[in-house]
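The values are calculated or read from the model by the stated rules, or taken from the named source; none is laboratory data. In this text the structure is predicted, and so the values were computed from the model without any measurement. When we count neighbours, we look across all protein chains shown, and the Cβ atoms used for this are built from the backbone with ideal geometry, even at glycine. Remember, those area values only see protein heavy atoms, side chains included, never the ligands or the DNA or RNA. Shrake-Rupley method; radii C 1.70, N 1.55, O 1.52, S 1.80 Å.
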Amino acid sequence: MTSALASRTLLLIISGGIAAYKSLDLIRRLKEEGAEVRCILTEGGAQFITPLSVSALSGQSVFTDLFSDQEEQRLAHIRLSREADLIIVAPATANMLAKMAHGLADNLASAVLLASNKPILIAPAMNNIMWQHPATQANIATLRARGAYQVGPSSGMLACGEQGAGRLAELDDILAAIHNFFSKNKPLTGRRALVTSGPTFEPIDPVRFLGNRSSGKQGHAIASALVTMGAEVTLVTGPTSLPAPNGVTTISIETAQDMLQACQSCAAQMPPLDIAICAAAVADWRPETTSTSKLKKGESTSPPALTLTENPDILATISQPGTLRPKLVIGFAAETDHVTENAQAKFTRKGCDWLLANLVGANKGFGQDNNQITLIKRAPDGAMTNDTWPAASKHEIAETLATHIVHFFEG
Ligand code: CTP
């Protein structure tokens with residue numbers, strides 16, 4: 001059988017970590033599958049492996065220098081990206097992640113990455129404390145939000161003698177991630193999905209609104225994970241600072257009423273929705289009246305009273321039985337206390353099929369890069385089941401959820 005990698009052009013960027021020696025084996029495995037492998041070796045990478053071994057295995061010249069005057073290396077930062085189907089950064093050091101996240105272009109590798117609009121797969125490898133550092137976590141989160149794919153790092157004994165997360169992913173896992181990227185057989189191909197994300201803003205007057213702390217990170221990550229698995233995804237999002245995820249139809253709204261309308265018009269389109277995931281933090285109430293001009297302090301002796309009226313419940317509306325009801329409706333429960341009890345009550349009230357409960361509050365849930373989820377479902381006998389997942393990044397949670405969805409549709 002022909003490999004999905006045959007005749008693909010892969011650009012492998014090897015940065016300076018001890019795991020660089022493993023990239024030699026990666027080149028060999030990719031070549032065995034028929035891929036054309038071009039390599040950039042950073043100055044740091046060349047401290048661990050030689051350009052000669054990289055070129056001998058890849059069968060190509062190795063690119064190292066941004067300012068080379070050799071004919072074939074000239075303008076390499078433009079050409080290498082243009083000709084690649086996928087850029088793989090393995091190992092990606094903490095320094096390389098920082099350069100990528102901040103758009104530095106001070107060597108050939110970072111210049112290629114900045115001069116590129118090609119998909120990128122990142123395989124981080126570093127000391128566990130460097131990996132856990134908030135700076136590195138923020139950098140990888142930025143890169144993921146821009147659509148980069150990530151594999152690893154895995155946990156175990158590190159070259160520095162410490163134990164923890166930071167090992168380069170196993171070669172089999174890196175290869176699987178590359179295959180997954182090129183795979184025609186995406187398990188959610190042909191499925192239509194709707195995802196809500198972010199907060200809603202409910203206007204008081206033209207400059208003030210009622211809002212909440214939702215960043216949209218979890219909903220956007222879910223939309224990306226579903227697209228990666230082949231689904232056709234519409235994302236209806238409240239105001240966030242996140243870029244629209246690649247490959248997703250994104251509809252930006254402000255209020256709960258607009259979100260409901262956008263969701264209903266998406267649900268009315270053909271073919272019917274297979275999946276709806278309500279990850280938005282919808283405002284439960286809105287001001288009963290919105291002033292068309294800015295409320296002025298001097299106009300009354302006391303502060304204005306705000307009368308609120310209830311917003312439509314989008315999840316409960318989508319969950320109602322009917323021909324437009326998606327086959328699988330998933331909600332979230334944001335709770336500050338008694339997570340399981342409150343979430344179970346919410347699950348029954350909303351009428352959805354699954355509910356992902358998470359703890360929110362000071363430094364938890366909203367705005368954070370990590371999350372802890374309990375998935376509530378109903379067993380065939382009607383009893384509720386609770387499955388608590390290990391704490392993980394919002395991207396990992398999105399991928400786990402997407403895998404559960406694939407299993408649901410595979411029966
Ligand atoms: N939700 C919705 N429309 C609303 C309120 C909530 O679609 N008007 C959805 C959210 O997207 C989430 C689920 O309902 O999937 C639960 O949201 P949450 O804020 O946890 O609960 P509420 O329904 O607002 O209830 P409470 O504020 O009492 O916790």
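General observations
- Tabulated pairs, segment 378-390, first touching a residue at least 40 places away in the same chain (Cβ under 8 Å), second open to solvent by 70 Å² or more (accessible area, probe 1.4 Å), C-beta under 7 angstrom, 6+ apart or interchain: Met384/Arg378
- Odd one out for Ile275 among (1) surrounded by 21 or more Cβ atoms within 10 Å (Cβ to Cβ); (2) more than 30 Å from His404 (Cα to Cα): (2)
- Candidate set from segment 300-321 (those that are away from the ligand (no atom under 16 Å from the Cβ) and at pLDDT 95 or above); member that is surrounded by the fewest Cβ atoms within 10 Å (Cβ to Cβ): Pro321
- Any hit, segment 247-255, residues being closer than 30 Å to Thr336 by Cβ, surrounded by fewer than 16 Cβ atoms within 10 Å (Cβ to Cβ) and outside the structural domain of Ala94 (by TED's automatic domain parsing): yes
- Failed criterion for Ser3 (all others in (1) at pLDDT below 95; (2) in contact with a helix residue (DSSP H, G or I) (Cβ under 7 Å, 6 or more places away or on another chain) hold): (2)
- Every pair of residues 6+ apart whose Cβ atoms lie under 9 Å, when the first sits in segment 280-291 and is over 24 Å from Leu194 (Cβ atoms) while the second is open to solvent by less than 30 Å² (accessible area, probe 1.4 Å) and away from the ligand (no atom under 16 Å from the Cβ): Pro287/Ile204; Pro287/Asp205; Thr290/Ile204; Thr290/Asp205; Ser291/Ile204; Ser291/Asp205
- Scanning segment 222-268 for residues that are among the polar types (S, T, N, Q) and over 22 Å from the mean Cα position of the chain (by Cα) yields Thr255, Gln257, Gln261, Gln264, Ser265.
- Where strands (runs of 3 or more DSSP E) fall entirely within segment 185-299, those with at least 2 residues that are within 23 Å of Asn311 (Cα to Cα) and within 15 Å of the ligand (Cβ to nearest atom) are at 192-197, 232-237, 275-278, 285-287.
Yes/no matrix, rows are residues, columns are (1) more than 20 Å from Ser215 (Cβ to Cβ); (2) crowded, with 19+ Cβ neighbours inside 10 Å; (3) within 14 Å of the chain's Cα centre (by Cα); (4) in the same structural domain as Arg144 (by TED's automatic domain parsing):
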{"residue": "Phe366", "(1), (2), (3), (4)": "no, yes, no, no"}
{"residue": "Asn370", "(1), (2), (3), (4)": "no, no, yes, no"}
{"residue": "Ile373", "(1), (2), (3), (4)": "no, yes, no, no"}
{"residue": "Ile376", "(1), (2), (3), (4)": "yes, yes, no, no"}
{"residue": "Ala383", "(1), (2), (3), (4)": "yes, no, no, no"}
{"residue": "Asn386", "(1), (2), (3), (4)": "yes, no, no, no"}
{"residue": "His395", "(1), (2), (3), (4)": "no, yes, yes, no"}
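- Residue that is farthest from the ligand (Cβ to nearest atom) [pool: residues in segment 328-360 that are assigned to a loop (DSSP other than H, G, I, E, B) and within 26 Å of the chain's Cα centre (by Cα)]: Asp353
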